[in-house]
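Accompanying notes for the structure given below.
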Amino acid sequence: MGKRLVQLIKLCFEGFSDIVFPFCGRCLCCESISINYLCSKCSSKISYVKTPYYINLCESSIKIKCYSVAYYSHSFKKLLLKFKYKGNFNCSDYFVSQMKECIERNNIQFDIISYVPSTKKIVRKRGFNQSEVLALKLAEALNKKCCSLLMRKEGAMEQKKLSREDRLNNLKGIFSVKDAFNIKNKKILLIDDVFTTGATVYHCSEQLLSKDVFEVIILTLAKSNV
Ligand SMILES: [Zn+2]
């Protein structure tokens, strides 16, 4: 997608969200009066993920380092659902501030930000890909480049309904890397909304590494305990 088109879509989103969901000094979660995105009661219910964790790529010794902001529960889950299914973009501003803080606290170094693509069907239904919105806003906040590096085929079953093992097989061959960018020897920060079994980021990382990138680092907003 052209840079201008991406920016145009972004501006439309921001304009729309300002009209529909003005941030007017209320907690995004419970709507009580608050000078911050979340009131103290709602923010105290967030359980942060304090240390990085790893996924192993099969048939190789490569470990992929993963970071998440918080566990997928309480206020954090409620906000993510508001953002994802109700299009509340004020929540995305809060999430981006949290992701930025996580990057700075852990001193995560990278060259390019990218994101896990959604299927066209989901984007048509929902109107946007939440991971793309987060990646674009995060890149803007950090003054970094955000590139759409991956493509996703239709055809996989919905991951939610599958077991841990089936999730990994279900996504085999679904992701591929676009040829539009030179990513050789680059460090890629890959954004997704929720880390569940890691099957999605596993397949995306495998594809990126096959194109000789130097490293893939995963940053998800939430980590599920599933
Ligand atoms: Zn609250």
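The values are calculated or read from the model by the stated rules, or taken from the named source; none is laboratory data. In this text, all values refer to a predicted model and were calculated from it rather than measured experimentally. So basically every Cβ, Gly included, is an ideal-geometry build from the backbone, and we count neighbours across all protein chains shown.
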Close pairs from region 116-136: first in contact (Cβ under 8 Å) with a residue 40 or more places away in the chain and under 14 Å from Tyr85 (Cβ atoms), partner part of a helix (DSSP H, G or I) and not hydrophobic (A, V, I, L, M, F, W, C), Cβ under 7 Å, at least 6 apart: Gln130/Lys84; Val133/Ser92
Pairs with Cβ under 6 Å, 6+ apart, first in region 34-48 and closer than 20 Å to Ser224 by Cβ, second more than 9 Å from the ligand (Cβ to nearest atom) and among the aromatic types (Phe, Trp, Tyr): Ile46/Phe76; Ser47/Tyr71
Region 29-70, subset near the ligand (Cβ under 9 Å from one of its atoms) and hydroxyl-bearing (Ser, Thr, Tyr), residue nearest to Val194 (Cα to Cα): Ser43
Test: Lys86 is away from the ligand (no atom under 16 Å from the Cβ), among the basic types (Lys, Arg) and modelled with pLDDT of 95 or more: no
Any hit, region 185-205, residues being among the charged types (D, E, K, R) and modelled with pLDDT under 95: no
Some residue of region 10-26 being out of contact with any Asp or Glu (no Cβ under 6 Å at 6 or more places or on another chain), surrounded by 12 or more Cβ atoms within 10 Å (Cβ to Cβ) and modelled with pLDDT of 60 or more: yes
Residues of region 29-60 that turn out to be among the small types (Gly, Ala, Ser), surrounded by 13 or more Cβ atoms within 10 Å (Cβ to Cβ) and closer than 19 Å to Cys102 by Cα, as a count: 2
Test result for Leu190, surrounded by 15 or more Cβ atoms within 10 Å (Cβ to Cβ) and closer than 24 Å to Asp93 by Cβ: yes
Residues located in region 206-226, provided they are at pLDDT below 95 and within 15 Å of Leu80 (Cβ to Cβ): Ser224, Asn225, Val226
